[in-house]
Amino acid sequence: MAKLSNGVTYLEAAGTDLSPPSVLICNETESDEEVEGEDWFMASSSDNMSATSGEEDFDDMVCSCSSDEENNDTAVGPIDNLQNDLRAWAVTTNTPISHLSSLLSVLRKHFPHSHLPKDGRTLLSTPTGTEVQLKAGGQMHYFGVANGVLERLRDNATLKTPSLHLQINADGLPLFKSSSLQFWPILGLIEEDSTKTPFVIALYCGHSKPSDANEYLSDFVAEMGKLASDGLEYQSYLYRIEISCFVCDAPARTFLKNIKAHNSYSGCERCVDEGIWLNQRLNYPNTDSALRTDESFRDQTDPDHHKEGESALLQINVGMVSQFVLDFMHLVCLGVVRKLIWLWMKGPLTTRTGNQAIMDISATLIKLGKSLPKEFCRKGRSLREVDRWKATEFRTFLLYTGPVALRKALPKHMYEHFLLLHVSISILCSPRLHKHYCDYADNLLKVFVQNFSVIYGDFVVYNIHNLIHLASDVRKFGPLPQISAFPFENFLYKLKKQIRKPNQSLQQSVRRLAEQSGVSRVCRVSSSPLPSSPTVSMSHYTCDKFTLSLTEGNNMVSSGNATFKIEAINRTLGGTSFVVRQYLQQQPFFTYPVNSLELGTAVVDGMSRETRIITERDIDCKMVSMQFNKRLVTYPLNHI
Ligand SMILES: [Zn+2]
């Protein structure tokens, strides 16, 4: 047993309205979304948009529009290049069609031989009609799993593995502050796709969430069943398409699984703990209740966990327990970390840290934020603004800045309790450490949860409790960043930004997505040219995980358990090399619950006089560095 200074005992962490479904076609003849009065008419059949696995069908969908548009799959010559560049510019800047048409008019006047179309819709291959089904109390457009996968295959020529594993996300997306209108997209992401780019499988639009989950899922379930038996053919390859997991927040999971709400009795998706009502909230104090299984879910052995009926996902043999991951973003970042900060600021008097401590922590966070690497899009903000923090800010706080900012501000027992969470989640996020220390992290999380009520009282609610089930997802699927909702949330943000008016939001979104699809096909990314001279001095180096440069915050790497500062980046015909100096002293930043050096976290000092050269293959990871008592604390960049 390990004892903390205030007598709190820690368990020893071992080892380590609506009509039946029908289809509408919106005939869009207006010049832009700003124009109202689009005509609607009923289509004759409800299966026009049933999913297909053929590339031709997909092309028909996105190009069934303008008469004078050519399908530029192979861009050649300056005219095509100009058109492609204009397409890419208009799509990436989300330029309204009317503005694009005005620009085309100017260009045609000054470049009469450019063959540019008059209409922006022609340039972007904007569909002239959008097929919409009335489903589950709203409108729905089904793009299809196969169409999305084929699009990703066209954009990523390296995807040649025989099996493609899909992560599926469904979530509500409010569109306007002044309206209840919301999207409920079904998104997909191919795990083998290194770009981690989601695609839209279906888009639902209504004034509330879909009224019936099985109706909402019907096209998806039907198509996945077909793909499971037939596979998907592309360029002579037959791909096996499998669902890896569903990555959703708790309310969406309960909706898709047709189970009781997550904050009700028997609401835990992983164990049969019923929960206890304490101090006006449902607590789950037990950490050893019997676990649910896919079989027990299918057999409904715990009827208190289920709503009436069965989820349609059972028809395609989805593991309703094992294939629904506990999303790191919602559970840990927006759940546990936000709750901890709330307890420090506004919780019971025994856990509040006081105004001075909050001011000290905030000042440190703002200071540390200035030196965060390029991979952090949001810098440090005061705890006073915590109500406006984004999930990425809670993640940064937990994994990097929190241990530094809290060190002198929290009582020791509360700081060490926070470190239990920091260390365990750092391990579960690490591409390297999670393989060997997953059980250790699992034990640390159980200790964290068991001591949560000792320190903070009856606040072991759903999110806190579910930490004890988190490591099992990492064992099955890999590190937390690989199974988090962050890529989906980023995609949803962009989807929302495309909607300019409440009028026909679904149709607007379908058109924008079709325009993007056209651009991705004609604008292939080319590799950077090789240097013409033997050695070229570079200002930065970028790989798929991170960017290195000579600027503070972006110039530290780890190689073979040593930490280096980059002083020059050279590109040669053989690859990229780095001139570096080594930090000679590495001290642990903390020793509880484990020596931080075991995690690669250190206080570094003393630079070597000699430089040495390392290559990109020598680099284990980029290091995040921040000032602490006039020295540097370095962490491995783990969350990417
Ligand atoms: Zn549980």
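The values are calculated or read from the model by the stated rules, or taken from the named source; none is laboratory data. Only a predicted model underlies this, so the values are computations on that prediction, with no experimental measurement involved. When we count neighbours, we look across all protein chains shown, and the Cβ atoms used for this are built from the backbone with ideal geometry, even at glycine.
Overview of results
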| quantity | calculated |
| --- | --- |
| Filter pass, Leu291 being touching a Cys at 6+ places or on another chain (Cβ under 9 Å) and within 13 Å of the ligand (Cβ to nearest atom) | yes |
| Matching residues in segment 270-279 - criterion: being within 13 Å of the ligand (Cβ to nearest atom) and in a loop (DSSP other than H, G, I, E, B) | Arg270, Val272, Asp273, Glu274, Gly275 |
| Total residues in segment 306-328, condition under 28 Å from Leu444 (Cα atoms) and assigned to a helix (DSSP H, G or I) | 1 |
| Entirely in segment 537-605, the strands (runs of 3 or more DSSP E) that have 2 or more residues that are over 26 Å from the mean Cα position of the chain (by Cα) and closer than 20 Å to Lys630 by Cα | 562-572, 575-588 |
| Any hit, segment 218-239, residues being touching a Lys or Arg at 6+ places or on another chain (Cβ under 7 Å), among the acidic types (Asp, Glu) and under 22 Å from Ser311 (Cβ atoms) | no |
| Single condition Leu282 does not satisfy, out of (1) surrounded by fewer than 16 Cβ atoms within 10 Å (Cβ to Cβ); (2) within 16 Å of the ligand (Cβ to nearest atom); (3) not aromatic (Phe, Trp, Tyr) | (1) |
| Condition broken by Leu187, with the remaining ones in (1) buried (at least 22 other Cβ atoms within 10 Å of the Cβ); (2) over 20 Å from the mean Cα position of the chain (by Cα); (3) closer than 23 Å to Ser322 by Cβ satisfied | (2) |
| Segment 303-320: number of residues that are within 14 Å of the ligand (Cβ to nearest atom) and crowded, with 17+ Cβ neighbours inside 10 Å | 1 |
| Test: residue in segment 167-180 that is in a loop (DSSP other than H, G, I, E, B) and touching a Leu at 6+ places or on another chain (Cβ under 8 Å) | yes |
| Members of segment 457-472 that are more than 13 Å from the ligand (Cβ to nearest atom) and surrounded by fewer than 21 Cβ atoms within 10 Å (Cβ to Cβ) | Gly457, Asp458 |
| Residue in segment 240-262 that is away from the ligand (no atom under 16 Å from the Cβ), among the hydroxyl-bearing types (Ser, Thr, Tyr) and more than 25 Å from Leu331 (Cα to Cα) present | no |
| Unique residue being in contact with a Ser or Thr (Cβ under 8 Å, 6 or more places away or on another chain), aliphatic (A, V, I, L, M) and within 18 Å of Gln508 (Cα to Cα) when the list is Leu175, Leu189 | Leu175 |
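Conditions (1) part of a strand (DSSP E or B); (2) at pLDDT below 95; (3) small (Gly, Ala, Ser), marked per residue:
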site	(1), (2), (3)
Tyr265	no, no, no
Cys268	no, no, no
Asn286	no, yes, no
Ser289	no, no, yes
Glu295	no, no, no
Arg298	no, no, no
Thr301	no, no, no
